1. Take residue 25 and tell me if it is over 18 Å from residue 90 (Cβ atoms) and either hydroxyl-bearing (Ser, Thr, Tyr) or outside any helix (DSSP H, G or I) (or both).
2. I'd like to know if region 3-19 contains one or more residues that are of a type in the set (Ser, Thr, Tyr) and within 15 Å of the chain's Cα centre (by Cα).
3. Condition test on residue 36, is it part of a helix (DSSP H, G or I), of a type outside the set (A, V, I, L, M, F, W, C) and loosely packed, with under 13 Cβ neighbours inside 10 Å?
4. Does residue 101 satisfy being under 20 Å from residue 2 (Cβ atoms) and assigned by TED's automatic domain parsing to the domain that holds residue 4?
5. Identify all residues within region 9-24 that are among the hydrophobic types (A, V, I, L, M, F, W, C) and surrounded by fewer than 13 Cβ atoms within 10 Å (Cβ to Cβ); write none if there are none.
6. Out of 44, 92, I need the residue that is surrounded by 15 or more Cβ atoms within 10 Å (Cβ to Cβ), β-branched (Val, Ile, Thr) and within 14 Å of the chain's Cα centre (by Cα). Which one?
7. Given (1) of a type in the set (A, V, I, L, M, F, W, C); (2) without any contact (Cβ under 8 Å) to a residue 40 or more places away in the chain; (3) surrounded by 14 or more Cβ atoms within 10 Å (Cβ to Cβ), identify the lone condition not met by residue 51.
8. Need pairs with beta-carbon distance below 8 Å; first residue in the same structural domain as residue 41 (by TED's automatic domain parsing) and within region 6-21, second assigned to a helix (DSSP H, G or I) and surrounded by fewer than 16 Cβ atoms within 10 Å (Cβ to Cβ); sequence gap 6+ or separate chains.
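The values are calculated or read from the model by the stated rules, or taken from the named source; none is laboratory data. Predicted model, so just to flag it, every value in this text is computed and none were measured. Every residue, glycine as well, gets a Cβ built from its backbone with ideal geometry; the counts of neighbours run over all protein chains shown.
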Amino acid sequence: MDKEQYEAAKVRLEEVIMMLKYEKISPQERERFEREGKELAIVVMSPWFPFDWRYRIVMTAITAIGFWGLIQGQYFFMLVWLLLPLFSPRIVGKFLGVITGFKDW
(Lines give C-alpha, C1' and ligand atoms only; values in the text may rest on other atoms or scores of the structure.)
Protein backbone atom coordinates (compact mmCIF):
# COMPACT_ATOMS: atom_id res chain seq x y z
CA MET A 1 0.00 0.00 0.00
CA ASP A 2 1.30 3.43 -0.82
CA LYS A 3 0.64 6.71 0.94
CA GLU A 4 -2.13 7.82 -1.46
CA GLN A 5 -4.15 4.65 -0.86
CA TYR A 6 -3.60 5.00 2.88
CA GLU A 7 -4.74 8.63 2.89
CA ALA A 8 -7.80 7.82 0.75
CA ALA A 9 -8.81 5.02 3.13
CA LYS A 10 -8.28 7.29 6.13
CA VAL A 11 -10.42 10.07 4.65
CA ARG A 12 -13.18 7.63 3.67
CA LEU A 13 -13.12 6.11 7.18
CA GLU A 14 -13.62 9.56 8.70
CA GLU A 15 -16.56 10.15 6.33
CA VAL A 16 -18.14 6.82 7.27
CA ILE A 17 -17.72 7.55 10.97
CA MET A 18 -19.37 10.96 10.56
CA MET A 19 -22.27 9.41 8.64
CA LEU A 20 -22.78 6.78 11.31
CA LYS A 21 -22.68 9.37 14.08
CA TYR A 22 -24.77 12.20 12.71
CA GLU A 23 -26.88 11.00 9.79
CA LYS A 24 -30.32 9.47 10.08
CA ILE A 25 -29.98 6.30 8.01
CA SER A 26 -31.91 3.07 7.65
CA PRO A 27 -30.80 -0.08 9.49
CA GLN A 28 -29.63 -1.64 6.20
CA GLU A 29 -27.52 1.41 5.37
CA ARG A 30 -26.15 1.47 8.93
CA GLU A 31 -25.11 -2.18 8.60
CA ARG A 32 -23.44 -1.49 5.24
CA PHE A 33 -21.56 1.55 6.62
CA GLU A 34 -20.46 -0.37 9.71
CA ARG A 35 -19.11 -3.18 7.52
CA GLU A 36 -17.33 -0.65 5.27
CA GLY A 37 -15.93 1.15 8.33
CA LYS A 38 -14.58 -2.10 9.73
CA GLU A 39 -12.88 -2.92 6.42
CA LEU A 40 -11.41 0.58 6.19
CA ALA A 41 -10.15 0.41 9.78
CA ILE A 42 -8.32 -2.81 8.93
CA VAL A 43 -6.72 -1.08 5.91
CA VAL A 44 -5.71 1.98 7.94
CA MET A 45 -4.20 -0.15 10.71
CA SER A 46 -2.33 -2.55 8.40
CA PRO A 47 1.11 -0.93 7.78
CA TRP A 48 3.98 -1.88 10.07
CA PHE A 49 5.51 1.59 10.00
CA PRO A 50 3.60 4.88 10.17
CA PHE A 51 3.41 7.08 7.08
CA ASP A 52 3.73 10.27 9.09
CA TRP A 53 7.34 11.46 9.19
CA ARG A 54 7.04 12.76 12.76
CA TYR A 55 6.39 9.25 14.04
CA ARG A 56 9.17 7.83 11.87
CA ILE A 57 11.61 10.34 13.33
CA VAL A 58 10.55 9.39 16.85
CA MET A 59 11.00 5.69 16.00
CA THR A 60 14.45 6.41 14.57
CA ALA A 61 15.43 8.36 17.70
CA ILE A 62 14.24 5.55 19.97
CA THR A 63 16.20 3.02 17.94
CA ALA A 64 19.33 5.21 18.03
CA ILE A 65 19.08 5.66 21.81
CA GLY A 66 18.81 1.90 22.24
CA PHE A 67 21.84 1.26 20.01
CA TRP A 68 23.82 3.94 21.81
CA GLY A 69 23.06 2.23 25.13
CA LEU A 70 24.09 -1.11 23.65
CA ILE A 71 27.40 0.28 22.38
CA GLN A 72 28.17 2.12 25.63
CA GLY A 73 27.24 -0.84 27.82
CA GLN A 74 24.38 1.15 29.35
CA TYR A 75 21.81 -1.59 28.89
CA PHE A 76 19.13 0.41 30.68
CA PHE A 77 18.79 2.58 27.54
CA MET A 78 17.85 -0.50 25.53
CA LEU A 79 14.57 -0.57 27.45
CA VAL A 80 13.35 2.32 25.28
CA TRP A 81 12.98 -0.26 22.51
CA LEU A 82 9.89 -1.41 24.38
CA LEU A 83 8.23 1.83 23.21
CA LEU A 84 8.65 1.02 19.49
CA PRO A 85 5.48 -1.10 19.19
CA LEU A 86 3.41 1.91 20.29
CA PHE A 87 4.23 3.60 16.97
CA SER A 88 3.34 0.68 14.69
CA PRO A 89 -0.21 0.98 13.32
CA ARG A 90 -0.39 -2.79 12.77
CA ILE A 91 0.60 -3.70 16.34
CA VAL A 92 -1.70 -1.07 17.83
CA GLY A 93 -4.51 -2.26 15.53
CA LYS A 94 -4.02 -5.89 16.57
CA PHE A 95 -4.07 -4.90 20.23
CA LEU A 96 -7.23 -2.82 19.78
CA GLY A 97 -8.80 -5.69 17.85
CA VAL A 98 -8.13 -8.05 20.73
CA ILE A 99 -9.50 -5.78 23.43
CA THR A 100 -12.56 -4.75 21.40
CA GLY A 101 -13.39 -8.25 20.22
CA PHE A 102 -12.86 -7.94 16.46
CA LYS A 103 -12.36 -11.43 15.07
CA ASP A 104 -11.25 -10.48 11.54
CA TRP A 105 -7.77 -9.35 12.50
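1. Numbers: over 18 Å from residue 90 (Cβ atoms): yes; either hydroxyl-bearing (Ser, Thr, Tyr) or outside any helix (DSSP H, G or I) (or both): yes.
Spelling it out, residue 25 is indeed over 18 Å from residue 90 (Cβ atoms) and either hydroxyl-bearing (Ser, Thr, Tyr) or outside any helix (DSSP H, G or I) (or both).
2. If we filter region 3-19 for residues that are of a type in the set (Ser, Thr, Tyr), which is where we start, we get 6.
With the extra rule that they be within 15 Å of the chain's Cα centre (by Cα), the set shrinks to 6.
Scanning region 3-19 turns up at least one residue that is of a type in the set (Ser, Thr, Tyr) and within 15 Å of the chain's Cα centre (by Cα).
3. Numbers: part of a helix (DSSP H, G or I): yes; of a type outside the set (A, V, I, L, M, F, W, C): yes; loosely packed, with under 13 Cβ neighbours inside 10 Å: no.
Considered against the rule, which asks whether it is part of a helix (DSSP H, G or I), of a type outside the set (A, V, I, L, M, F, W, C) and loosely packed, with under 13 Cβ neighbours inside 10 Å, residue 36 comes out as no.
4. Values: under 20 Å from residue 2 (Cβ atoms): no; assigned by TED's automatic domain parsing to the domain that holds residue 4: yes.
No; evaluated as a whole, the condition is false for this residue.
5. Initial filter on region 9-24 (among the hydrophobic types (A, V, I, L, M, F, W, C)): 9, 11, 13, 16-20.
Correct list: 11, 18.
6. On the way: 92 fails: surrounded by 15 or more Cβ atoms within 10 Å (Cβ to Cβ).
44 is the lone residue from the list that is surrounded by 15 or more Cβ atoms within 10 Å (Cβ to Cβ), β-branched (Val, Ile, Thr) and within 14 Å of the chain's Cα centre (by Cα).
7. (2)
8. Final answer for the pair search is 20/30; 20/34.
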